């Protein structure tokens, strides 16, 4: 799967912005995986997605990344922190937060195309927001997943 091409097409951004966005989102996922699943799982992501490093460097160009967002959050706040992290990433790239519902399924499909299914399952267990809009689960355009959570947070 061509994540950069998909992000460019779905979000209307250029390739450089799509690389930065992909790098930022994958950094958020990898940070959560490192913290909640373990360093071995985070290393598996590095090995399966070698271009991730370059995309993360591209992500640092627009603004400082904020780094250890997930490390600074704990307990119930972590889930809201993941959502806030995605919203902050979209805002850094001047994208409307409503685009988050497009990003989650693209990112999940990319991870499924690159990672062992067992690791994808572990990622979904610690970042269920990625499952939002990826098919299955609640009804069409259901209130579940990332879109529903963003709507609740943003009052939409």
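Residue 96 meets all of the listed conditions (1) closer than 20 Å to residue 33 by Cα; (2) surrounded by fewer than 16 Cβ atoms within 10 Å (Cβ to Cβ); (3) without any contact (Cβ under 8 Å) to a residue 24 or more places away in the chain but one, namely (1). One residue stands out among those in region 48-67 that are exposed (fewer than 14 other Cβ atoms within 10 Å of the Cβ) and in a helix (DSSP H, G or I): the one that is modelled with the lowest pLDDT, which is 57. Go through 70, 45 for me and flag whichever is in contact with a helix residue (DSSP H, G or I) (Cβ under 6 Å, 6 or more places away or on another chain), under 19 Å from residue 128 (Cα atoms), assigned to a helix (DSSP H, G or I) and at pLDDT 95 or above. One residue alone meets the criteria, 45.
The values are calculated or read from the model by the stated rules, or taken from the named source; none is laboratory data. Here the structure is a predicted model, which is why all the values come from computation and not from measurement. All Cβ positions, even for glycine, are placed from backbone atoms using ideal geometry, and neighbour counts span all protein chains on display.
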